[in-house]
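Q: Structure provided below as C-alpha cells; questions to follow.
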Amino acid sequence: MIDVEVFIDPSCPWAWITSRWLLEVAPERDLVVAWRSYCLEIRDDYGVAPTVPEEYRQQALDGHAVSHRMLRILEAARAEGGEGVVDRLYAEWGTRNFAPKRPEAGALLADCVVAAGLSPDLTAAADDEKWDAPIREAMEVAYAFGGPKTQTPTIVVRTDPPMDSKDR
C-alpha cells in the first residue's frame with residue numbers, strides 16, 4: 001500500500017476534482033488516501049492573492065472564510081472519528097459546495113455534517129480557533145514538500161520502504 005496525503009482547501013475546485021479522481025484510482029493502485037487541511041485564508045493572511053481580479057475578490061474572501069470554518073469542522077471530526085469520517089465529510093462538502101445551487105454558508109456546513117452521519121453539535125467547531133493549530137501543522141507539512149505558500153492540492157506520496165530514485 002502507498003500512503004498518499006492530499007492537502008486540500010475545501011473551496012478549491014481543483015482539489016475537489018483531484019480528490020474524486022484519486023478515490024477512483026486508489027483501489028487499482030493500492031493507494032491509501034488521507035485528506036489534510038490546507039487553508040487558503042491562512043496562507044493568504046486573510047486576504048486573497050494579488051492576481052485575483054477586483055470583481056472577484058469579495059467572492060474569494062467569502063469562499064475562503066467558509067472553507068476555513070469547514071476545515072475546523074474536518075479537524076474536529078478527525079479528532080473524534082478518524083480518517084474515514086473526514087473522507088465522508090469532505091465528500092458531502094464537495095457535492096454541495098460545487099453544486100450549481102450552493103446552500104448559504106451556515107446551512108452548507110450543517111447539511112454536510114448531518115449528511116455525513118455526524119452529530120450536529122460538530123458544527124460548533126467551525127468557530128473554534130483551537131482547530132487552527134492542526135490546520136497550521138498540516139500546512140507546514142505541505143510547505144515542507146511544496147515550498148512556502150504552496151498551492152492546493154499539494155500531494156505527498158509516501159512509501160515504505162521509500163522509493164529508490166530510479167523507481168520515481
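Q: Go through (1) touching a Phe, Trp or Tyr at 6+ places or on another chain (Cβ under 9 Å); (2) within 23 Å of D3 (Cα to Cα); (3) not aliphatic (A, V, I, L, M) and name the single condition G82 misses.
A: Only one criterion is unmet by G82, namely (1).
Q: Kindly list the number of the only condition in (1) in a helix (DSSP H, G or I); (2) more than 22 Å from G147 (Cβ to Cβ) that fails for V32.
A: (1)
Q: May I pose another question? I'm checking my understanding of the structure. Among residues of segment 23-73 that are touching a Phe, Trp or Tyr at 6+ places or on another chain (Cβ under 6 Å) and among the charged types (D, E, K, R), which one is farthest from K130 (Cα to Cα)?
A: Filtering segment 23-73 for residues that are touching a Phe, Trp or Tyr at 6+ places or on another chain (Cβ under 6 Å) and among the charged types (D, E, K, R), the one farthest from K130 (Cα to Cα) comes out as R36.
Q: Continuing with the same structure: Condition first: surrounded by 12 or more Cβ atoms within 10 Å (Cβ to Cβ), more than 13 Å from the chain's Cα centre (by Cα) and among the β-branched types (V, I, T). Now tell me which residues in segment 51-69 satisfy that.
A: V52
Q: Tally up the residues in segment 73-97 that are within 21 Å of V33 (Cα to Cα) and open to solvent by 20 Å² or more (accessible area, probe 1.4 Å), please.
A: Residues in segment 73-97 being within 21 Å of V33 (Cα to Cα) and open to solvent by 20 Å² or more (accessible area, probe 1.4 Å): 12 in total.
Q: Any residue in segment 14-36 that is open to solvent by less than 90 Å² (accessible area, probe 1.4 Å) sitting within a Cβ distance under 9 Å of a residue that is of a type in the set (K, R)? List the pairs, counting only those 6 or more apart or interchain.
A: Pairs that qualify, where the first residue is open to solvent by less than 90 Å² (accessible area, probe 1.4 Å) and the partner is of a type in the set (K, R), are W35/R78.
The values are calculated or read from the model by the stated rules, or taken from the named source; none is laboratory data. Remember, it's a predicted structure, so these values are computed and weren't measured experimentally. Don't worry about glycine lacking a Cβ; one is built from the backbone with ideal geometry, like all the others, and counts go over all protein chains shown. Heavy atoms of the whole protein, side chains included, go into the accessibility calculation; ligands, DNA and RNA do not. Shrake-Rupley method; radii C 1.70, N 1.55, O 1.52, S 1.80 Å.
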